[in-house]
Every structure is written in structure tokens, then in C-alpha cells.
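Only one structure is covered here, and it is reproduced in the block below.
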Amino acid sequence: MICAYLLASERFTTAEDSLCYFGERRTDKSTSNKYQGVETPSQSRFVGYFAKVKNTYNLHLPPRKILKINKFVIYSIHGVGKGDGSDLEVQIMMKRKTVFFCSASRYCKIVHDAESNRVIINIFNSPLLYDEVKVRFLSSALPRYYDNCPFYFWFHTSFIQENRLYLSRNELDNPHKPKTWKIYRSDFAVEVYFDEVKL
């Protein structure tokens with residue numbers, strides 16, 4: 001990716017500056033005002049990872065971290081699908097292969113906390129996760145967008161801090177797009193809780 005090259009060549013030192021420069025140079029304002037930079041939040045997240053590898057780890061990956069997912073918490077669930085999380089399915093992928101799949105009827109327990117407008121998805125028997133991980137949320141009650149799903153995200157386990165990952169609406173792939181905001185409100189978010197595994 002060009003943004004990673006801009007960091008590696010020391011043209012820029014931060015992911016934010018690299019992403020901004022790339023977007024400005026790639027957008028041809030003489031033909032359209034549509035921004036042509038890196039728009040997918042997960043791609044931007046990995047540019048941030050590379051900046052850490054360059055600036056903190058001297059171009060070496062940080063130590064491998066093996067994790068298991070304990071639970072997902074989805075905030076501002078009202079109006080999303082059935083509004084109580086019962087329609088949601090979770091697919092976890094590594095190396096382009098599905099390593100875990102769950103729904104309300106198997107491998108997880110979905111708890112709707114109506115008072116706080118959130119859903120807690122407790123995961124049973126999570127596989128060991130390491131390196132790049134993709135999480136897709138599926139539902140027959142929600143429209144599908146890019147990647148043929150309502151929303152998804154990528155992360156790298158080595159960069160997870162304090163066994164927690166919180167992603168706001170603008171950090172989730174698909175809900176970050178304004179055309180989805182009638183479904184996903186501004187406080188929509190997904191939080192992932194992990195357990196670290198020491199082998």
C-alpha cells in the first residue's frame with residue numbers, strides 16, 4: 001500500500017499524515033469532489049499498525065499475541081435488525097478461512113440489555129486467534145453492503161491492548177458510510193473482550 005511506503009520511506013512519520021496526503025493527491029477535484037483516499041476503516045487501522053511497526057518496533061513485528069474472544073458488546077442496538085440482537089450471527093476468519101461461526105442457537109449466548117440499549121454476545125469455545133483476524137456480522141434482517149454483510153472489521157492480535165478492542169461507528173466497515181446511518185446511529189459501536197492465552 002502506498003501509505004505504508006510513505007511511512008517506510010520516512011516521507012511521513014504518522015499514519016494520519018500519510019493517509020491525508022494520499023487522499024489529497026489521489027482525489028482529482030477538477031472532475032469530482034468525491035474523496036478518493038483510504039476510506040475503509042480496517043485499512044486505515046492497518047496503516048496505523050504499520051506506523052507502530054516502523055516507529056516503535058524498528059520494522060519488526062511485535063511479539064505474537066494469542067487471544068480468545070470472551071464476548072462482543074454491541075452498543076445502540078435499537079433499530080438495528082430486530083433491535084435485540086437475536087438475528088445476529090458472528091463469523092470469525094483467519095487466513096481467509098472461517099474458524100468460528102455462532103448464532104443465538106449455537107456456540108454463543110445473546111443477551112439483550114434493553115435499559116442500556118446494548119447486546120452482549122457471550123462466546124463459547126472461541127478458537128485460538130493470532131495475527132490478522134476478520135470478524136463479520138450477518139443478519140437476514142439487515143441490508144448487506146460491501147463484503148456481502150451488514151458490518152465487519154479486521155484487526156491484528158499483536159496490537160490489542162489490555163485485552164479489549166473498542167470500535168466506534170466510524171471505525172467499523174460499512175457503518176462508517178453515511179448511507180447506512182439511518183440504521184446505525186452515531187453511538188453505534190462494537191467492543192470486543194479477549195482472554196490472552198499463554199502457551
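The values are calculated or read from the model by the stated rules, or taken from the named source; none is laboratory data. Model, not experiment: these values are computed from the prediction. Quick reminder, even Gly has a Cβ in these numbers, built from the backbone with ideal geometry, and neighbours come from all protein chains shown.
Quick look at the numbers
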item	result
Candidate set from the stretch 175-199 (those that are within 16 Å of the chain's Cα centre (by Cα) and more than 16 Å from I77 (Cβ to Cβ)); member that is surrounded by the fewest Cβ atoms within 10 Å (Cβ to Cβ)	K177
Residue in the stretch 94-101 that is surrounded by fewer than 18 Cβ atoms within 10 Å (Cβ to Cβ), of a type in the set (D, E, K, R), at pLDDT 90 or above and outside any strand (DSSP E or B) present	yes
All positions within the stretch 108-136 that are over 15 Å from K97 (Cα atoms) and part of a strand (DSSP E or B)	C108, K109, I110, V111, H112, D113, R118, V119, I120, I121, N122, I123
Which numbered condition V111 fails, given (1) in contact (Cβ under 8 Å) with a residue 40 or more places away in the chain; (2) over 25 Å from N170 (Cβ atoms); (3) surrounded by fewer than 19 Cβ atoms within 10 Å (Cβ to Cβ)	(1)
Selection count, the stretch 78-118, where residues are under 16 Å from F153 (Cβ atoms) and of a type in the set (D, E)	1
Inter-residue pairs, beta-carbon under 6 Å, first of a type in the set (G, A, S) and in the stretch 133-153, second surrounded by fewer than 22 Cβ atoms within 10 Å (Cβ to Cβ), 6+ apart	S139/G81; S139/D87; A141/G81; A141/K82; A141/D87
V111 among the β-branched types (V, I, T) and more than 19 Å from the chain's Cα centre (by Cα)	yes
Residue satisfying all of: in the stretch 42-69; over 30 Å from K177 (Cα atoms) and under 18 Å from the mean Cα position of the chain (by Cα); surrounded by the fewest Cβ atoms within 10 Å (Cβ to Cβ) among these	I66
Residues within the stretch 152-174 that are touching a His at 6+ places or on another chain (Cβ under 9 Å) and buried (at least 17 other Cβ atoms within 10 Å of the Cβ), tallied	1
